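For reference, the structure discussed in these notes is given below.
The values are calculated or read from the model by the stated rules, or taken from the named source; none is laboratory data. Fair warning: this is a prediction, and the values are worked out from it, not measured in the lab. So basically every Cβ, Gly included, is an ideal-geometry build from the backbone, and we count neighbours across all protein chains shown. Surface areas here come from the heavy atoms of the whole protein model, side chains and all, with no ligands, DNA or RNA. Shrake-Rupley method; radii C 1.70, N 1.55, O 1.52, S 1.80 Å.
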Amino acid sequence: MTLPLLTPTSARVAKLVSVGVDPRFLNAVAEETPLGKLQYLIRSSDAAYDYLPSILDDYSFLAGYEVTPLCNGAGDDELYVLLSNPRERRFVRFELEADVIYNDFGADFQRVLAYILLDYVGFDEQMTLADHIALAQSVGLHHAAAVYHAYQALPADADIAAWQQHQLPQLLEQADA
């Protein structure tokens with residue numbers, strides 16, 4: 001078993017941009033100012049670099065990967081990272097408290113970005129649909145209007161997690177076709 005490696009902070013941005021992460025997202029997370037209240041749900045990756053070195057070898061799902069922090073979630077214990085090796089790459093969300101991946105977004109940054117942004121809907125009651133779409137576009141979500149309109153059209157009893165897992169990737173792929 002190959003031990004996991006942590007991408008050095010000096011190489012983080014270049015690594016993420018090389019796999020399709022929009023620099024506008026990385027700039028927004030680093031600066032926090034253009035995010036408004038979204039900054040309470042995603043934060044810079046500073047905490048990831050504080051905590052990951054001490055636990056890197058303890059998490060079985062990290063074995064064999066280079067771990068590149070994308071951003072922290074709502075708390076310092078929730079991390080969004082890129083896991084990569086010569087055979088694969090995938091974005092995942094996990095918490096430091098558990099040796100389990102909560103969300104596996106695959107190789108497409110747009111999926112993780114859509115997940116983060118849709119999680120924000122309803123958090124800031126002052127934002128209109130147009131405000132959400134504008135924010136999404138400003139941090140690099142392709143086809144933001146189509147994503148938000150499809151999300152808004154879901155019935156009240158819809159299984160959001162299942163929609164995000166199955167229909168959202170298809171929506172993002174169709175919009176890119």
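Give me the accessible area per residue for segment 1-41, probe 1.4 Å, as a whole number in Å².
On the way: 2440 Å² over 41 residues.
So segment 1-41 comes to 60 Å² accessible per residue, rounded to a whole number.
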- Task: Of the options G20, G73, G106, report the single residue whose Cα projects farthest towards the positive end of the charge dipole of segment 1-131 (beta-carbon charges: Lys, Arg +1; Asp, Glu -1).
- Result: G20
- Using a 1.4 Å probe, how large is the accessible area of Y102, given in Å² and rounded to the nearest 10? 100
- Query: Rounded to the nearest 500 deg cm²/dmol, what is the calculated helix-only ellipticity per residue at 222 nm for the chain, with -39500 (n - 2.57) per DSSP H run of length n ≥ 4?
  - Reply: -13000 deg cm²/dmol
- Item | Extension reserve of the A30-H166 stretch, reckoned as 0.36 nm per residue once the Cα distance is removed | 45.9 nm
- Ignoring ligands, DNA and RNA, what accessible area per residue does segment 76-151 give at 1.4 Å, in Å²? 43
- Item | Length-normalised contact order for the chain - Cα pairs under 8 Å, 6+ apart - percent | 18
- With charges set only on the Cβ (+1 for Lys and Arg, -1 for Asp and Glu), what does the dipole of segment 24-177 come to about its Cα centre, in debye to the nearest 20? 560
- Principal-axis tilt of helix 129-138 within the chain, Cα atoms, nearest 10 degrees: 40
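Share of the chain's accessible area from carbon and sulfur, percent, 1.4 Å?
C and S fraction of accessible area: 50 percent.
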- Query: Taking Cα atoms, how many degrees apart are the long axis of helix 109-120 and the longest axis of the chain, rounded to 10 and kept between 0 and 90?
  - Reply: 60
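R0 = 25 Å: FRET efficiency of F61 with L129, Cβ-based, nearest 0.05?
Details: r = 36 Å, r/R0 = 1.45.
Rounded to the nearest 0.05, the efficiency is 0.10.
If you wrap a convex hull around the Cα atoms of the chain, how much volume per residue is inside, in Å³? Write down the numbers at each step before the final one.
Working: hull volume 21.5 nm³, N = 177.
So the per-residue Cα hull volume is 121 Å³.
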- Taking Cα atoms only, helix 160-176 is inclined relative to the longest principal axis of the chain by an angle, in degrees rounded to 10, of 80
